[in-house]
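Everything below concerns the one structure shown next.
What follows draws every value from the coordinates through simple rules; no lab data is involved. If you're wondering where the values come from, they're calculated on a predicted model, not measured in any experiment. Cβ coordinates were reconstructed from backbone atoms using ideal geometry, including for glycine residues, and neighbour counts include every protein chain displayed.
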Amino acid sequence: YGQLQPISFSIIAHIDHGKSTLADRLLEMTGTIPIGADGQVINKQVLDSLKVERERGITVKSQAVSMIYDDVTTKQKWLLNLIDTPGHVDFAYEVSRSLSACQIALLVVDATQGIQSQTLSVFRVAMARGLRIIPVINKIDLPGASPDAVLDQLHERLGLNVLPGESEEAIMVSAKTGKGVEDVLKRLVAVGSESTQDVGDGQDEKMRSLVFDSWYDSYKGVVALISVKDGAIRKGDKIASAHSRKRYEVLDIGVNSPTAIATGILRKGQVGWVICNMKSVPEASIGDTLHHDKVKVDPLPGFKPSVPMIYCSAFPVSSADFPKLEMAIQKLALNDRSVTWSRESSLALGQGVKLGLLGALHMEIFRARLADEYGMEVLITNPTVAYRIVRPNEDENEAKVITNPLEFPDDEVMRSKRSTKNGLQIQEPMVIGTLTCPEEYLGAMSQLCFDRRGEEIDLIFQDGFGTGEDGKPVGAENAGGERLVIMKHRLPLSEIVTDFFGELKSKTAGFATFDYEDDGWQASDLVRLSFLLTGTPLDALSQIVHRSKAVDVAKVWTQKLKDIVPRQQYEVNIQAMVGGRVVSSEKKTAYRKDVTAGLYGGHYERKLKHLNKQKEGKKRLRAMSVGRVQIPQENFMKLFEAK
Ligand code: GTP
């Protein structure tokens, strides 16, 4: 492996356009994974290694697999490194990181669907990273395929020269049947060989390697995935980190093909793993440059650390499990660096952990991993985004960022300051969302965006594609007249992090797709909504909402609270407040009579029995106290689960 000329590439595509199927075919054709008797892959989708990812069919972490391709045209063996990228919008940051280790991106487009929202977003990231693009039109075996319409789109929308003989000639394939896949391998070599320099012997060049992923393996310790940009790195080398200046010795080094194979060396252009005596994963800092010790080099351009998009709090169902929860989160965070966490405590829910995550799907995956891998059932509060509080005459970039609604300034403060010139300003993060759906659902989709405070910035009708009788996108000649539309909206991030995607799917019979990218900050009229139970604040429910929505949201939550608060011996007042004002309230009426009243003066044994019964009840349902009001934790769980 170590001697072979390397070419690194990635496959980028809209969800379901066939990225994993194409990857499997490439691995099979190069003999990296065996082909099953019935032509089916045995080791299906080797790239998706985590359990939750397999279950949901999505790739979260980036992975690298190397394969050897014996090219008869060039009469040379090549080492093709496939760097996998995650497929969901929550993980756009990881896509960018994985692409930094590549020279080429295979842009896969489904011939029956054409360019979709995610095709556009991954294409932009690949261009920004300076990658060569090879367009691959997939699923040409399907009756609804319109490869010519896709060619037009690739040229018109992405500016690619895709016709035969042109610089970015598109390859027609069926990843399912294998047709055209050999051409993909040939083209990878043709394009890759133009930009690959000779691996050389690595003696006369200063070694620089980019760390683009790392994790903890219970047998091997810290494993770092590196892309060697200059020189060569060998087993036994003394190396150093440009970031921390710490020194290490290379204990083992190699490639994944598809399992780990020790090669003793990685040369310029190669991608593989390295194990050195790093004690903890943060030492293998992503974006770091590794170089030979005592050799001065300029660090490679790294990446900005990923920034959490949403924050939420996790509480154990039983407070005695807090240490177990903290340990589980700590371990999961070791292999998922996009998670941030810190301790937090709530008056009502006790000791918990504040989590920073990339989006709603990431939150769901994290919760599933806690349950699957650590047997932890947790209560997770509503997610919130980060807000920026800009003080008068303050540089916006220096402004305080808050992620906890409890740190939000009181509404009175806001109202008084806002009236003065250059007053205190609250800003919220914005995104540009790209949505696609059949024309029929355009109205429903627009309405949803407007309801979420969206502002339309673009609307394109997708020519050459339409929807068939079943509503699914197909080539124009098979369409029932309906076109596909692509719409762009500018939306507040807070409006899309919870149930937006689910609602979009249900309003468009599942046909809409959605992608978003960061679009800076915007000043907004936001308020904090707080909840009180007979005068005692329920801190875990505090949330930040737009003023225009405060009353509606307040009504929903006071009603939810009314449903879960058990009847007490007195009337419970449920209130939602903005500043000092009550914006919604409910009452939970008391039991008609005091149940214990009859016991006083009664038989001693009867009283004892009653007390014991109560004790048992307490053991079963750990109750949380909000002031005088007792709420069983189970009910709290319902509060956050109910959609
Ligand atoms: P994510 O990993 O979820 O992003 O999806 P993906 O892009 O990896 O798509 P995947 O390879 O899982 O393919 C999606 C579906 O399309 C699967 O049901 C495949 O069997 C099917 N498929 C992929 N390629 C072809 C093809 O060339 N022809 C046909 N008919 N179906 C295909």
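Using bins of 10 Å that start at zero, the share of Cα-Cα pairs per bin across the stretch 262-395 amounts to 10, 31, 26, 20, 12, 2, in whole %.
Modelled label positions at LYS296 and SER585, each set 7 Å beyond Cα in the direction of Cβ, lie 7.3 nm from each other. Exceedance of the 21 Å cut-off in Cα-Cα distance is limited, within the set LYS238/LYS296; LYS229/LYS331; LYS19/LYS220; LYS354/LYS400, to LYS229/LYS331; LYS19/LYS220. For the stretch 309-383, the equivalent ellipsoid built from the Cα gyration tensor has semi-axes of 17, 14, 11 Å, listed from largest to smallest. Its alpha carbons give the stretch 200-317 an Rg and a Dmax of 15.4, 60 Å. When only alpha carbons are used to place a centre, the stretch 366-414 and the stretch 552-585 end up 23 Å from one another. One compactness figure for the stretch 131-260 is 1.48, namely its Cα radius of gyration divided by 2.2 N^0.38 Å. Between ASP71 and SER167, the FRET efficiency estimated from the beta carbon spacing at R0 = 22 angstrom works out to 0.60. Sorted on the mean count of surrounding Cβ atoms within 10 Å across their residues, most packed first, peptides 537-550, 248-261 read 537-550, 248-261.
Footprinting exposure proxy ranking of HIS155, HIS291, fewest other C-beta atoms within 10 angstrom first, gives HIS155, HIS291.
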